[in-house]
1. Identify, from the list B:Ala198, B:Ala242, the residue that is under 20 Å from B:Pro79 (Cβ atoms), part of a helix (DSSP H, G or I) and not charged (D, E, K, R).
2. Does A:Leu304 meet the test of being more than 21 Å from A:Ala198 (Cα to Cα), among the aliphatic types (A, V, I, L, M) and within 14 Å of another protein chain (Cβ to nearest Cβ)?
3. Any residue in segment B:52-78 that is more than 7 Å from chain A (Cβ to nearest Cβ) sitting within a Cβ distance under 9 Å of a residue that is buried (at least 24 other Cβ atoms within 10 Å of the Cβ) and basic (Lys, Arg)? List the pairs, counting only those 6 or more apart or interchain.
4. Residue check: is A:Leu258 surrounded by 18 or more Cβ atoms within 10 Å (Cβ to Cβ), touching a Phe, Trp or Tyr at 6+ places or on another chain (Cβ under 8 Å) and either facing another protein chain (nearest Cβ under 10 Å) or not aromatic (Phe, Trp, Tyr) (or both)?
5. I'd like to verify a number: residues in segment B:241-255 that are of a type outside the set (D, E, K, R) and out of contact with any Phe, Trp or Tyr (no Cβ under 8 Å at 6 or more places or on another chain), how many?
6. Considering only segment A:81-90, state which residues are in contact with an Asp or Glu (Cβ under 6 Å, 6 or more places away or on another chain) and more than 20 Å from B:Phe52 (Cα to Cα).
7. Considering only segment B:281-311, how many residues are among the β-branched types (Val, Ile, Thr) and either over 21 Å from B:Lys206 (Cα atoms) or under 20 Å from the mean Cα position of the chain (by Cα) (or both)?
8. What residue, among those in segment A:286-300 that are of a type outside the set (S, T, N, Q) and touching a residue at least 40 places away in the same chain (Cβ under 8 Å), is surrounded by the most Cβ atoms within 10 Å (Cβ to Cβ)?
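Quick note: the coordinates plus some simple rules give every number you see, no bench work behind them. Just so it is clear, the structure is predicted and the values come from calculations on it, not from any experiment. In this analysis, Cβ positions are derived from the backbone assuming ideal geometry, glycine residues included, and neighbour counts consider all displayed protein chains.
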Protein chains: 2
Amino acid sequence: MSNPLAWASVPVALSLFVSLTACAQPQEPISIIKPAVITAPEKVELGKMLYFEPRLSMSGYISCNSCHNLSMGGVDALPTSIGHHWQEGPINSPTVLNADLMLAQFWDGRAKDLKEQAAGPIANPVEMGYTHELAIDTVASMPAYVARFEKVYGSSDVNIDRITDAIATFEKTLVTPNSTFDQYLLGDKNAISADVKAGYQLFKDKGCVSCHNGPAVGGTMYMKMGVIKPFHTNNPAEGRKAVTGRNSDKFVFKVPTLRNIELTYPYFHDGSVWTLEEAIHTMADIQLAQQFNEKETAQMVEFLKSLTGDQPQVTLPLLPPSNANTPRPVPFSSHNK
Amino acid sequence: MSNPLAWASVPVALSLFVSLTACAQPQEPISIIKPAVITAPEKVELGKMLYFEPRLSMSGYISCNSCHNLSMGGVDALPTSIGHHWQEGPINSPTVLNADLMLAQFWDGRAKDLKEQAAGPIANPVEMGYTHELAIDTVASMPAYVARFEKVYGSSDVNIDRITDAIATFEKTLVTPNSTFDQYLLGDKNAISADVKAGYQLFKDKGCVSCHNGPAVGGTMYMKMGVIKPFHTNNPAEGRKAVTGRNSDKFVFKVPTLRNIELTYPYFHDGSVWTLEEAIHTMADIQLAQQFNEKETAQMVEFLKSLTGDQPQVTLPLLPPSNANTPRPVPFSSHNK
């Protein structure tokens, strides 16, 4: 600090920094994914246990991770999910990765944040099929859980607010920084190939970026599925209309993230499309009245693959054993006992 | 080696070692669980990926870990398992922990080792519901898997022999050393309480140990369920009879391990008993014509809990994405496409 030579260079360095920053991100519509900053590690650990906890379901078999599998890009890689008693879910499971960067949760945005979202599937009869009351009784029955709640929240009270808060806190750590595209955004011009750069240029020039922008390359707005032409599907979901009641919100969905899109097939809210090529063609056609030739499509695919970031490294939690006070799972209705 | 003083002490040290060893394990019927020695880490990693691979099932939803959950003592903690299309499994899922120490696999011992076992559920219509051919096609479709097979096995050939060999190699690492009981066996007389010691004495005196012995405290032999009195159950499993065809093998099962028994409820091949207290009473009654009073039962429970060892620390594997060549999962029959 007292070295006059060092100080002399500060204005130069500062001006270089400003121009480099401006140069690296000249009004780019996509910003980087920042690494998770963990300020409450014990809450994260509790949340991780609950995320992997199948005893939050009626059957004792389904956990958050069942449909948002952290081995598979935070999804189940199925068109729609398998729920309690193998019921078929109504819509494609969105990825949990980078989900905190979305403006709201679920395809129709009916939950304002991850905490509110986490309460949904536990009590949804076609998902985990449990009740919040039984979920609380289950967690509260195990002294090892209660001790963690006491440590994290300052009292031994187990309630759905705390359960979902802990799960959401864990989920906020599930970000995927350091994709090659982010390395490029940070200034490493060689981090991505010429094809990726060309794909990114197309992504901007053709208008994809008008919906898919921000750090998650999506999740910043709602948009009608089928702006130019209708989207043909057997899926009955009506999107935002279910939340707002407005007819103008029919088929309006939250724009999904394109981060890790290589891993989160099949695509669209109905999970009907399995390849990036087909997804690109459909989007271009029904949303933008655009077409991509074979070379352009390949470049777009390369660009999309450059959005795959470092996946969370998760050590499987060890869950405490049930005891005589723990509600018993009811996997098969005929076996109620 | 050339230090004459060091050499002079070898006979003394050797004799001390021998007497300590003899002293620490004076003909104990239970021996310690040894930590895993990993000689082929890349094969273990490949096996771990396949162990967590839901695309080895028809639905794309069920993996080995679904019923042998490494967050929960290597079991699903259900009476019998949930299989493809929520079918009810025929028998309680045995723990994968320390399973390599068993004389054979499955309750009826129909698989001679873990490798042979691993092939079963993949193709069992009520478990993962797939076929070996489709499992091979699935794995072989993903370049990241093929590269690992090449590295581990010296050629890119993906076959069921290699798939199950890799899974078994991973499973062999799933041991639980360092229980307080093993610390006691290794000479730390204060590692277990007076109640645990009393429970262990009862375990030996009452005859439990005649079946539950060896490092896994079980798995060294087959025994009839109901030696003294019949075991009442609705479960139709006939045990070894299904393998040997002999009537004398009816209701003869592999003696299950008692390692980590605190975590592997519910108990018995039909999963009908949820507490260690009830399991102890039933076993004493129908196998040994014995009874335990309340204090003795509590001591037995304490002894059994002392058999819980260090659980494997498993980092969740990251699975490669499917591509256009990967067989698509068929979670719902009506959606065959």
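1. Only one candidate qualifies: B:Ala242.
2. no
3. B:Ser63/B:Arg55
4. In short, no.
5. Residues that pass the stated criteria total 6.
6. none
7. The qualifying residues number 1.
8. Applying the filter and picking the extreme gives A:Met300.
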